[in-house]
1. Which strands (runs of 3 or more DSSP E) sit wholly inside the range 1-102 and have at least 3 residues that are open to solvent by less than 10 Å² (accessible area, probe 1.4 Å)?
2. Name every residue in the range 106-123 that is in contact with a Gly (Cβ under 7 Å, 6 or more places away or on another chain) and crowded, with 18+ Cβ neighbours inside 10 Å, in order of residue number.
3. Scan the range 48-64 and tell me whether some residue there is basic (Lys, Arg) and without any contact (Cβ under 8 Å) to a residue 12 or more places away in the chain.
4. Is at least one residue of the range 25-45 modelled with pLDDT under 95 and within 15 Å of residue 120 (Cα to Cα)?
Amino acid sequence: QVQLVESGGGLVQAGGSLRLSCAASGRSLSSFVMGWFRQAPGKERVSVAALSRSGATYYADSVKGRFTISRDNANNTLYLQMNSLKPEDTAVYYCAAANAAALRTMARYYDYWGQGTQVTVSS
């Protein structure tokens with residue numbers, strides 16, 4: 001079991017930056033594949049970025065070059081640095097953990113979820 005709590009969301013102007021955090025308790029994040037997902041109103045939850053146990057990363061095309069996923073093992077925290085934000089990045093962002101050996105990008109493979117944090121980008 002692992003408990004995940006996101007923070008760092010908010011309102012930002014287009015072109016700005018935010019850093020989301022996902023604090024974990026119960027188990028070490030390094031034992032999971034970790035992912036960030038987002039869900040906009042009326043749309044399905046989609047993968048934004050993922051990080052394997054070995055450090056391999058995945059980014060959705062829409063965020064490549066702007067977002068960076070990282071993990072601080074000492075603090076058992078996952079991060080998502082978001083730069084050059086666009087209005088279309090507006091969504092609730094969720095972190096998730098998967099008991100998996102390789103990167104996973106589909107929500108159904110993830111076993112644990114945080115409660116989500118709202119990111120709103122104004123134009």
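The values are calculated or read from the model by the stated rules, or taken from the named source; none is laboratory data. Everything quoted here is computed from the prediction, not taken from an experiment. In this analysis, Cβ positions are derived from the backbone assuming ideal geometry, glycine residues included, and neighbour counts consider all displayed protein chains. The accessibility values were calculated without ligands, DNA or RNA, using every heavy atom of the protein model including side chains. Shrake-Rupley method; radii C 1.70, N 1.55, O 1.52, S 1.80 Å.
1. 33-39, 46-51, 77-82, 91-98
2. 110, 117, 119
3. yes
4. yes
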